[in-house]
Structure formats: C-alpha cells, structure tokens
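A.B. asks: Right, I'll just put the structure down here and ask away after.
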Amino acid sequence: MQLTIKYFGMLAEATAITEEQLHTESCSVSQLLEKLQHQYPKLSDKDFKVAINQQLVNHNHIITTEAEVALLPPFAGG
Amino acid sequence: MKKKKPKNVFVPGAISSQFIGESIAKHQTKTSIGAHNIFLGQVRADEIDGKVITAIDYTAYEEMANQKFHEIREATFEKFDLTCMHIYHSLGIVNAGEICLFVFVSSPRRKVVFDALEFVVETIKADVPIFGKEVFEDQTHQWKQNS
C-alpha cells in the first residue's frame, strides 16, 4: 500500500522535506516511525504526534490501507 | 458526522485593526446581540538568551486545522448560547506587536461570552495543528510551543 507522509514545522526542517510517498506492508505506527527515524536520524529526539487521515492516533494503531500520515510537532497556535 | 465543509480560518500575514473594526461594524444589524467578547493574540517580542524575537512565521496542517476549527465551532455552539462566532488565524510572517489570532463571540447576554471565549481560545491552543517559527533579529530561529 502507499502512504503519503507529511512533515510539519521543526520536523520538516529535520527531514528537509514536507511530503513523500512510501510503499509499505500493513504496519503499526511505531513500526513506521522506526523506519522513518532510521531514514531521518534527526527525528529521533523530536517530540511529535501522529495523525492518520487527519485523526490523531496512538503508536499501536495499525495502518492497513492507503493513508495520509502526518507527523505533527508541538502545537503553537495563537 | 456532519459533512458540512469547514470554513477557511486562515488569513495571510497579520490581522489588521481595520479588519477587526469592520468585523465589529458588520454586527450592528444583528440586534438580538447584547454582548460581544473579543480575543486578540499578539506576537510578543520575547528576549531569549539575549536575542529578541522579531516575528513568528506560522504554518499549519491546513486541512486538519480547518476541520479542528470546525469541530471547535460546533462544540462551542453546543455548550454556549451564542448568536455567532468568528475565528481568524494568521499564516506566514506576523511581526512582533501584530495580531495573529482573532476570536469574536456574540450572545444576547454578557456572562456567556466570557466563558465561551476562554473555552474557544484554550481549545485552539491545545488542539489545532498550527506551528510557529520564532524568528530572532539575527534571522536565527526557534520553534514555539504552547504551554
């Protein structure tokens, strides 16, 4: 399946991209993050939340279908 | 879940006092309103390790943020007896001293608008995926985090 991964704020800065496509088998959020942290070591010490199709999810959530995965650093609105 | 398309809350750059003034004027025709309450978020020129913040550069996960703003609107109308409410948030550069958030709630009675405004502002700060790059005078930066 294909995932669209989106990076925001300090995470876009850490990875030097804002969006990428990733082909993967069905996996948990933590498995996906492991893969991304391996690819972008600078993500490892960052604090962030994960949203799948715009809904916040836990790290044990299983991704089974094509989805938009967003890595969201601490919120700073207002 | 309702399928109503969320409004776009974001405006490019700072929110001008003219825009805020016009927004107030537009409510003169709504004569059931007896009380307005307004929150204006302003960018602070904080000094950190001897360097002064000159601006905040805002970005957002816009689709999710607008959806969250929509949910906040629905929850606020559910909770409080409001006649209307408006939210505007900046994207891009907002200089110190300029306005980056404008929340406007109106009701027939005053007590409601005090509580409603606090609820809206606190929920925005906690739940909406907006990110702020605090830019210093020497063009270095750090990332803002709501407390």
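A.B. asks: Please give the FRET efficiency for residue B:114 paired with residue A:58, using the beta carbon to beta carbon distance and R0 = 35 Å, rounded to the nearest 0.05. Numbers along the way, then the final one.
C.D. replies: Values: r = 36 Å, r/R0 = 1.02.
Taking R0 as 35 Å, the efficiency between residue B:114 and residue A:58 is 0.45.
A.B. asks: Tell me the trypsin sites (Lys or Arg not before Pro) within region B:1-57 that lie in a loop according to DSSP and have at most 15 other beta-carbon atoms within 10 Å.
C.D. replies: Of the trypsin sites (Lys or Arg not before Pro), the ones in loops of region B:1-57 whose Cβ has at most 15 other Cβ atoms within 10 Å are B:2, B:3, B:4, B:7, B:30, B:44.
A.B. asks: Here's another thing I want to ask about it. Give a quick list of GluC sites (Glu not before Pro) in chain A that DSSP marks as loop, anything other than H, G, I, E or B, with at most 14 other Cβ atoms within 10 Å.
C.D. replies: Listed in order of number, the matching sites are A:25, A:66.
A.B. asks: With a/c under 1.5 counting as rounded, go ahead and sort region B:31-89 into rounded, prolate or oblate using the C-alpha gyration tensor (a ≥ b ≥ c being the square roots of the eigenvalues; past the cut-off, prolate if a/b is larger than b/c, else oblate). It would help to have the intermediate numbers written out before the result.
C.D. replies: Numbers: a/c = 3.62, a/b = 1.78, b/c = 2.03.
Judged from the Cα gyration tensor, region B:31-89 comes out oblate (a/c at least 1.5, b/c at or above a/b).
A.B. asks: Still on this structure: Viscosity 1.002 mPa s, temperature 20 °C: what is the translational diffusion coefficient of region A:10-78 from Stokes-Einstein with a Kirkwood Rh over Cα pairs, rounded to a whole number of µm²/s?
C.D. replies: Rounded to a whole number, D works out at 169 µm²/s.
A.B. asks: Per residue, what accessible area does the protein assembly as shown have, given a 1.4 Å probe and all protein chains present, in Å²?
C.D. replies: Numbers: 12160 Å² over 225 residues.
Ligands and nucleic acids excluded, the figure is 54 Å² per residue.
A.B. asks: Ignoring everything but the protein chains, give the 1.4 Å probe accessible area of residue A:27 in square angstrom, nearest 10.
C.D. replies: 10 Å²
A.B. asks: Can you list the residues in region B:120-147 whose accessible area drops by at least 50 Å² when all protein chains are present, compared with the chain alone? Use a 1.4 Å probe, heavy atoms only.
C.D. replies: B:131, B:143
A.B. asks: Can you bin chain B into rounded, prolate or oblate? Criterion: square roots of the alpha carbon gyration tensor eigenvalues sorted a ≥ b ≥ c, rounded for a/c under 1.5, prolate for a/b above b/c, oblate for the rest.
C.D. replies: Cα axes put chain B in the prolate bin.
A.B. asks: Nearest 20 debye, what's the magnitude of the dipole of chain A about its Cα centre given +1 on Lys and Arg Cβ and -1 on Asp and Glu Cβ? Intermediate values should be presented prior to the final figure.
C.D. replies: Numbers: 5 positive and 9 negative charges, 29 e Å.
The calculated dipole for chain A is roughly 140 debye.
A.B. asks: What quantity of accessible surface, computed with a 1.4 Å probe and excluding non-protein components, is buried in total between chains A and B, in Å² to the nearest 100?
C.D. replies: 1800 Å²
A.B. asks: Only loop residues by DSSP count here, and only those with at most 16 other Cβ atoms within 10 Å; note down the chymotrypsin sites (Phe, Trp or Tyr not before Pro) in chain A that meet that.
C.D. replies: Passing both the DSSP loop test and the Cβ count: no residue.
A.B. asks: What does the C-alpha gyration tensor say about the overall shape of the protein assembly as shown? Classify as rounded when a/c is under 1.5, otherwise prolate if a/b is larger than b/c, or oblate.
C.D. replies: On the way: a/c = 2.64, a/b = 1.46, b/c = 1.81.
It comes out oblate by the Cα gyration axes.
A.B. asks: Here is a follow-up. Using the Cβ atoms and a cut-off under 12 Å, what net charge is assigned to the surroundings of residue B:121, where Lys and Arg are +1 and Asp and Glu are -1? Show your work: numbers first, answer last.
C.D. replies: Details: positive: B:125; negative: B:115, B:118, B:122, B:127.
Residues close to residue B:121 contribute a combined charge of -3.
The values are calculated or read from the model by the stated rules, or taken from the named source; none is laboratory data. Note that the structure is a prediction, hence the values are computed from the model and not measured. Cβ atoms come from the backbone with ideal geometry, glycine included; neighbour counts cover every protein chain shown. These accessible areas exclude ligands, DNA and RNA; they are computed on the full protein's heavy atoms, side chains included. Shrake-Rupley method; radii C 1.70, N 1.55, O 1.52, S 1.80 Å.
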